Structure formats: C-alpha cells, structure tokens
Amino acid sequence: MKIIEILNNEELSGKEKLKAVKGLVKDARAEYGNTDAEITSVKVNSVNGMVSINLLSVDEKVAVSEQEVRRAISQASAVAENVEGSVFDRAFEFAIATNPLLANIGEKSESKY
C-alpha cells in the first residue's frame, strides 16, 4: 500500500500510520544514502505557536507528516514533469530523505508533563 493510502486509511491508528511514515523515511534515506547524516530537528507551526516535534502528539505527528509527504509528492512531480530523464521515485526519495521534520518525526519528549 502506498504511503498516501496508509495516511488516508481511517481504519488505521495514528501509531500505525506513524510507524509507516518512519519506515518510509528509513527506506528513503537508505536509498538516498544519507542514513548516517545528522539532520537537525525543526519546530512545527501550530495554533499555539512554534512547537518542537518531540512535543507533538501521535495524531499531530501524523498530520504534519502527511503534509510533508504531500509536499514531497508535489516536488517530485514537478521535477519529473520538468526535467528530462528524471525519475519520480528518485526525486521523491530525495525530498523525503532530506526533510528535517520527517527525519526527526520519531523524537519523544523526556518531560513527565
């Protein structure tokens, strides 16, 4: 099943969707060759201001992941349509493998609150 189908599947839990996103990122980074690269975490814009990824709930992480995956699809589509000889999957892997939000989506807070 494709990642967008997984993210749109209402029968799956947020944890299952997040696990699928983590798997996608792991696979994309392996294909791209940057699994050892340190990608700095970023903050996410929320209704409460900028929030660290590690403070988001599972459902919030799924929501921002879906936005980033859709952005990667859009970027890869643009490359594939406008650059002769390009391959959608390679452009998509690049967009996923270098995305600071997706690379750090598994971060957890150590706070007891």
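Read-outs throughout are calculated quantities, based only on the coordinates presented, and are distinct from any laboratory measurement. All values reported here derive from a predicted model rather than from experimental measurement. Every residue, glycine among them, receives a Cβ derived from its backbone with ideal geometry; neighbour counts consider all protein chains shown.
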Problem - Most mobile listed residue (Glu38, Glu84, Glu66) in the chain, GNM with C-alpha springs under 10 Å - result: Glu84
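May I have the convex hull volume per residue, in Å³, for the Cα set of the chain?
Enclosed volume per residue, from the Cα hull, is 119 Å³.
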Exercise for the section: Can you tell me the FRET efficiency between Val51 and Lys26 if r is taken as the Cβ-Cβ distance and R0 is 35 Å, rounded to the nearest 0.05? Expected result: 0.90
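If you take the Cα atoms of the stretch 68-111, find Rg, then find the Kirkwood Rh from the mean of 1/r over all pairs, what is Rg/Rh?
Values: Rg = 13.3 Å, Rh = 11.3 Å.
Answer for the stretch 68-111: 1.17.
Under the rule of -39500 (n - 2.57) per DSSP H run of 4 or more residues, summed and divided by the residues of the chain, what mean residue ellipticity at 222 nm is obtained, to the nearest 500 deg cm²/dmol?
Working: 5 runs with 64 residues, N = 113.
That calculation yields -18000 deg cm²/dmol at 222 nm.
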Exercise for the section: Quote the relative contact order of the stretch 13-103 in percent (integer), defining contacts as alpha-carbon pairs under 8 Å separated by 6+ residues. Expected result: 41
